[in-house]
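J.: Shown below is the structure under consideration.
The values are calculated or read from the model by the stated rules, or taken from the named source; none is laboratory data. Note that the structure is predicted; figures quoted are calculated from it, not measured. Cβ coordinates were reconstructed from backbone atoms using ideal geometry, including for glycine residues, and neighbour counts include every protein chain displayed.
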Amino acid sequence: MTEIRELTSNEEFIDAVRLQKEIWGFDEVDLLPVRLFVVASKIGGQVLGAFDNSRMIGFCLSIPGVKPDGRSYLHSHMLGVRPEYRNSGLGRTLKLRQRQDALARGIRLIEWTFDPLELKNAHFNLERLGAIVRRYVLNQYGSTSSPLHGGLPTDRCVAEWWLAHPRVQAIIDGRAPDPAPVEATVSVPCEIARLRTEDPKRARAIQEAMSNQFLEYFSKGLAVIGFGRSEEAGTYLLGPWA
């Protein structure tokens, strides 16, 4: 039976560090250290673990933040699930627990970054959780040791999860949200995962073209409000958001 609960002990934090190595293949220099888990648990962050009996099978880590206007929010910095438990709904369960905890504390926004070339993650964030995107950051983390990043710059979209917004509530409840007008699209070929390893030069060209489109549309006040999939491509849907 799967259990989601707060991590509180150093032994549990060490287990979460081990999971990072297993999931992302990071070198030591790129691992989030135990002391960050400790600090996050003490200052109003979220350190949650998923367990199958006594075995940790996933975790998520959030740290508190403050917007320039003084509003508090949570930055969800890392969420990982053991490979054999992916596609089981565990990632969504962890996110929903984050949402429950944040709302109970009066927090209305959780943000995180994601790689827009990871189409499965994009669909999860936008269509399964109801997040939107209004910011694109070039090479957010610099080069990393993870083979999952394929040596490309770590360009990232910033997901905004407005926890009490009607769109989010509808999606969480399994209902279709009210439709919003789509004014622009950004498409990424589904073969991008293969190109990262087999043709990194072409993968980089796709990434660069995509980043230029996102930056242009965001500068015009548009937001990513949905995501569509076909056999050929994943497509970000952009329009006004309020």
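J.: Kindly establish whether residue 80 is among the small types (Gly, Ala, Ser), farther than 16 Å from residue 20 by Cβ and in contact (Cβ under 8 Å) with a residue 24 or more places away in the chain.
T.: no
J.: Something else: Find the residue count for the range 8-34, including only residues that are of a type in the set (Lys, Arg) and under 15 Å from residue 49 (Cα atoms).
T.: 1
J.: Additional query: Looking at the range 140-166, which of the residues that are modelled with pLDDT of 95 or more and not aliphatic (A, V, I, L, M) is surrounded by the most Cβ atoms within 10 Å (Cβ to Cβ)?
T.: Only one residue tops the list, namely 157.
J.: Return the only residue of 80, 49 being surrounded by 19 or more Cβ atoms within 10 Å (Cβ to Cβ), part of a strand (DSSP E or B), of a type outside the set (Phe, Trp, Tyr) and at pLDDT below 95.
T.: Values: 49 fails: at pLDDT below 95.
Being surrounded by 19 or more Cβ atoms within 10 Å (Cβ to Cβ), part of a strand (DSSP E or B), of a type outside the set (Phe, Trp, Tyr) and at pLDDT below 95 holds for just one of 80, 49, which is 80.
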